[in-house]
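> The structure's right below; bear with me while I get my questions together.
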2 protein chains.
Amino acid sequence: MGKKVKLVKGGLCAPKGFKVSAVSCGIKNPAVERLDLALIYSEHPTVGSAVYTQNEVCAAPVRLSSSYLKSADPRAIIVNSGNANACTGHDGMLKARAMASLTSKALGLKQREIQVCSTGIIGVRLPIERMEPKFPALVESLGNDSDLAARAIMTSDTKPKSVSVSVDIGGVRVRIGAIAKGAGMINPHMATMLCFVTTDAAVTKAEITLATKEAVDQSFNRISVDGDMSTNDTVVVMANGAAENKTITRGGEGSAEFREALTEVMLLLAKKIVSDGERVTKLVEVKVRGAASHLDAERVARAVGNSKLVKCSWNGNDPNWGRIIHAVGYSGARVKEEMVDIYLNGVLAAQNGVAANTHIDKLSAAVAGEQFTVGIDLHLGKGEFNLYTSDLSPEYVLFNREEYALNRTK
Amino acid sequence: MGKKVKLVKGGLCAPKGFKVSAVSCGIKNPAVERLDLALIYSEHPTVGSAVYTQNEVCAAPVRLSSSYLKSADPRAIIVNSGNANACTGHDGMLKARAMASLTSKALGLKQREIQVCSTGIIGVRLPIERMEPKFPALVESLGNDSDLAARAIMTSDTKPKSVSVSVDIGGVRVRIGAIAKGAGMINPHMATMLCFVTTDAAVTKAEITLATKEAVDQSFNRISVDGDMSTNDTVVVMANGAAENKTITRGGEGSAEFREALTEVMLLLAKKIVSDGERVTKLVEVKVRGAASHLDAERVARAVGNSKLVKCSWNGNDPNWGRIIHAVGYSGARVKEEMVDIYLNGVLAAQNGVAANTHIDKLSAAVAGEQFTVGIDLHLGKGEFNLYTSDLSPEYVLFNREEYALNRTK
């Protein structure tokens, strides 16, 4: 973390003028008492930005929220867990609109000032009738406990994920708070990745929009093992200006610091998401260097980071560089086999495409920890890319075998 | 299978004029007695063709064999299991040449008339010194037991794979025999896929070359869940003309029948490879229809067939069409969510992108068997593609966790 960005407490409520609340509606299972509906509210007008899934199949709340954002800045985010409201057709759009309508009425806002998000099972109708009675309580309980929201958005996550920082912008202290949820297999492959960011910085719409895209690109887009987004992935940023700094513009005072802080917040959350992937035991950073282009470096990183067999070997603490170079070979990137070097946590495993003269015990030790790097140097150019990924465990498969049948009643 | 193609016995030796043998060299482990070196020999000159891996990282024997094929037709194939001789640099090329040299001398052939293949672990030096003393025995024992070769090329395969057929070409009975090995996760992703085909058909070089490519495209290229080939994948066909049919040319008499038979042989072996994948419990045929193009259909089939989460759900008999449509959405193909229909073994699971009105028990039953189809209709055009794939089991991960460390002695 840069020197100017400091970790602070408070999560979403670290920045001034934001309140959150959460309630239990029994969305997934009425018999189970767990937080599953959260509200994030800005007391002041905001400028807002968002990044939504690129998946061709996208959930009703994503369609609705992206259309709202075109004509209004968000004042509140309403989000449920337990049901993704995806592949639910016309009914899904009605339910998403109902969530926006219930929220806007309860808060006295316009409907398009609401961002609606859902996460959970795909293809099952959203039981809005279980949420509706809870809206008064949701609004009445708005307060400063960010952790309530962090917990309410969890699905298969094992712990809430929250980060908040402060940064000086032209002598004024500005704060950024955020929560996220991920799981699935660490990656926005199937699991929905949600991230909500609050900041009391004063910033232009153009700058927050650009800075959000850049920060997502440097963080959440580097943990996807497939480069593919889920039906519901959403990052929403609300900036309410309550810190009263001089408004940040691209290239203006504090712009670099603000962007660094925003990226840092998202990167920290991205790593938390990887580490908390379903039944994940390793956090692995694949660092590709020397590719003919940055795109080639990304291809190599994703091929390696997404290979089932490479991930299995990591799970078994096996320093199997042969599987790694194999994935390098089919990545689609330009590769000269006889020039490829592979490092496991800094230890040379393969040099010029063949086994390096390193003792196997040293290689095994390099991949034994809960966190290590895999360095791949193609020696062809200056392209580079870093990807955070994980191992693949037997428990992951067991965990993901059954879902749909358990969630359909008929 | 078409009416004109009949299953017969004999494997590689069903066609006239082919002999095989296999010995045990202890390539992987000198302490373990198992067949690991096989020889396939044509008593007559042949026309030959081959398809090799497209992986940028390819094994020494692949490089050598493809260069030999450019200037000579193969009379013999020498193949070892237990070591892939891949990522072994200059040493690997010397060892591959030595295998060709030992074989050619023992048989009295030119070196370039030998095709050399290896399968097994990547990145470990080939212990040719263990093979060398066995060549006299290998040649002396040449006979008609095709099964010896089928067993000798196995790695993690649980059973030998062999098919042989006869087909009438202009009134003359011609035979095609073949063996294959696969495993890994059913797919030529990491596992090496090897297939050796013998035929006593008289056929032109141009026709056998083209027919081989076409047959591979219709079979082995439709079981790859990634569309990526391993470092060692090889299909070699030898046609020795011993059946004395009128020489087959493209478009000439018997050409269609011969191609059908060759494709049928490879497709049967391809399905055997999928079913025998490491710890696989399901053989699933993904049938995509109605795509905007054939390429789009292939993209959809591969995205679905390669999704870890889709494969997990199949392992658990879970009719999770939400995960399937999600993979359809990120496949890169043109998709209109509201037009997508999904069938599980012929039972409608999703219609127009939302859950169909089918009872969950019926859907669960549809995916409970060891073999079922997943039909996906995009209703956008005439593009179609079929892919054979499998489930993903916890046992697969356990099986693939350790390999390299166990195979390196220092």
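> Using just the Cα positions, wrap the protein assembly as shown in a convex hull and report its mean projected area in square nanometres, one decimal place. Please report the intermediate quantities before stating the final value.
Details: hull surface 136.3 nm².
Its average projected convex-hull area is 34.1 nm².
> What Kirkwood Rh does segment A:13-121 have if only Cα atoms enter the pairwise 1/r average? Answer in Å. Display every interim value, and only then the final one.
Details: mean 1/r = 0.0699 Å⁻¹.
Across segment A:13-121, the inverse of the average 1/r is 14.3 Å.
> Quick one: if you take sqrt(5λ) for each eigenvalue of the C-alpha gyration tensor of segment A:208-318, what semi-axes come out, biggest first, whole angstrom?
Numbers: eigenvalues 207, 56, 29 Å².
Square roots of five times the eigenvalues give 32, 17, 12 Å.
> Further question: Nearest 0.05, what FRET efficiency do B:Asn29 and B:Glu140 give at R0 = 41 Å with Cβ-Cβ as r?
Working: r = 25 Å, r/R0 = 0.61.
So the FRET efficiency works out to roughly 0.95.
> Another one. For segment B:320-371, what's the radius of gyration and Dmax over Cα atoms, in angstrom?
Spelled out, the Cα radius of gyration and Dmax of segment B:320-371 are 11.4, 32 Å.
> If you don't mind, there's one more thing I want to ask. State the answer as a single residue: which of A:Ala333, A:Val367, A:Leu380 lies farthest towards the positive end of the charge dipole of segment A:283-392, with beta carbon charges of +1 for Lys and Arg and -1 for Asp and Glu, about the Cα centre.
Result: A:Ala333.
> Between A:Thr158 and the same site in the other copies, what are the distances in nm, shortest first, taking label points 7 Å from Cα along the C-beta direction?
A:Thr158 label point versus its equivalents elsewhere: 3.1 nm.
> In the structure displayed, which of A:Lys161/B:Lys308; A:Lys6/B:Lys308; B:Lys110/B:Lys246; B:Lys95/B:Lys246; A:Lys159/B:Lys282 lie more than 31 Å apart, Cα to Cα?
Values: A:Lys161/B:Lys308 25 Å; A:Lys6/B:Lys308 38 Å; B:Lys110/B:Lys246 28 Å; B:Lys95/B:Lys246 40 Å; A:Lys159/B:Lys282 34 Å.
Distance filter (> 31 Å) returns A:Lys6/B:Lys308; B:Lys95/B:Lys246; A:Lys159/B:Lys282.
> Further, regarding this structure: Based on the Kirkwood radius over alpha-carbon pairs, what value in µm²/s does the Stokes-Einstein equation return for the translational diffusion coefficient of segment B:283-392 at 4 °C and 1.567 mPa s? Mind dumping the intermediate values first?
Numbers: Rh = 13.2 Å.
The diffusion coefficient I find is 98 µm²/s.
> In which sequence would B:Asp377, B:Asp318, B:Asp361 go, from the one with the fewest C-beta neighbours within 10 Å to the one with the most? Don't jump to the answer; show the numbers that get you there.
Details: B:Asp377 17, B:Asp318 23, B:Asp361 12.
Neighbour counts put them in this order, fewest first: B:Asp361, B:Asp377, B:Asp318.
> By how many nm would the segment from A:Glu132 to A:Leu7 lengthen if fully extended, with 0.36 nm per residue of separation less the alpha-carbon distance?
Numbers: separation 125, 0.36 × 125 = 45.00 nm, distance 3.68 nm.
Extra length available between A:Glu132 and A:Leu7 comes to 41.3 nm.
> Then there is this: Report the convex hull volume per residue for chain B, counting only C-alpha atoms, in Å³.
Convex hull of Cα atoms, per residue: 135 Å³.
> Would you mind checking which residues have amide H under 5 Å from B:Ile121's amide H? H placed 1.01 Å from N; only 5 or more apart, or other chain.
Here B:Gly82, B:Asn83, B:Ala84 satisfy the definition.
> Further question: Using a 7 Å offset from the Cα along the Cα-to-Cβ direction at both A:Ala256 and B:Val172, what is the distance between the two label points in nm, to one decimal?
8.0 nm
> Beyond 21 Å, what percent of the Cα pairs of segment A:97-223 remain? Before the final figure, lay out the partial values.
Working: 4283 of 8001 pairs.
Here the long-distance tail beyond 21 Å is 54 percent of all Cα pairs in segment A:97-223.
> How far apart, in nanometres, would the label points at A:Lys287 and B:Thr249 be if each is projected 7 angstrom from Cα along the Cα-to-Cβ direction?
6.3 nm
> Would you list, by chain and number, the lysines whose Cα falls below 18 Å from the Cα of B:Lys336, excluding same-chain residues fewer than 8 positions away?
B:Lys287, B:Lys382
> Return the chain A residue and its Cβ-to-axis distance, rounded to the nearest Å, for the rotation relating A to B.
A:Pro394, 2
> If you count the DSSP beta bridges with both ends in chain A, what percent of them are antiparallel, to the nearest 5?
Values: 53 of 75 bridges.
Counting only bridges with both partners in chain A, antiparallel ones make up about 70 percent.
> OK, next. What FRET efficiency comes out for A:Thr158 versus B:Ala206 if R0 is 56 angstrom and r is the Cβ-Cβ distance? Round to the nearest 0.05.
Details: r = 61 Å, r/R0 = 1.09.
Approximately 0.35, to the nearest 0.05.
> For B:Ser390, list long-range residues whose amide hydrogen, built 1.01 Å from N in the peptide plane, is under 5 Å from its own amide hydrogen.
Long-range HN contacts for B:Ser390: B:Val284.
> Kyte-Doolittle cut-off 0.5, length cut-off 27 Å along the helix's own axis using Cα: show which whole DSSP H helices in chain A pass. Numbers along the way, then the final one.
On the way: long enough: A:89-107 (28 Å, 0.02); A:255-275 (30 Å, 0.62).
Long hydrophobic helices here: A:255-275.
> Further question: Once each part is reduced to its C-alpha centroid, what is the distance from segment A:356-391 to segment B:21-83 in angstrom?
Each part's Cα centre sits 32 Å from the other's.
> Further question: Could you tell me what percent of the DSSP beta bridges with both partners in segment B:256-410 are antiparallel, to the nearest 5?
Working: 16 of 23 bridges.
About 70 percent, rounded to the nearest 5.
> Now for a separate question. Loop-only GluC sites (Glu not before Pro) in segment A:1-86, please: DSSP not H, G, I, E or B, and at most 10 other Cβ atoms within 10 Å. All intermediate terms of the calculation are to be shown ahead of the outcome.
Details: sites: A:Glu33, A:Glu43, A:Glu56; in loops: A:Glu33, A:Glu43, A:Glu56.
Sparse-neighbourhood loop GluC sites (Glu not before Pro): A:Glu33.
> I've got another one for you. Using only Cα atoms, locate the centre of segment A:275-339 and the centre of segment B:306-330, then give the distance between them in Å, rounded to an integer.
For segment A:275-339 versus segment B:306-330, the Cα centre distance is 23 Å.
Here, each number is a calculation from the coordinates, and none is a lab measurement. It should be emphasised that the depicted structure is a prediction, and the values quoted were computed from it without experimental measurement. Every residue, glycine as well, gets a Cβ built from its backbone with ideal geometry; the counts of neighbours run over all protein chains shown.
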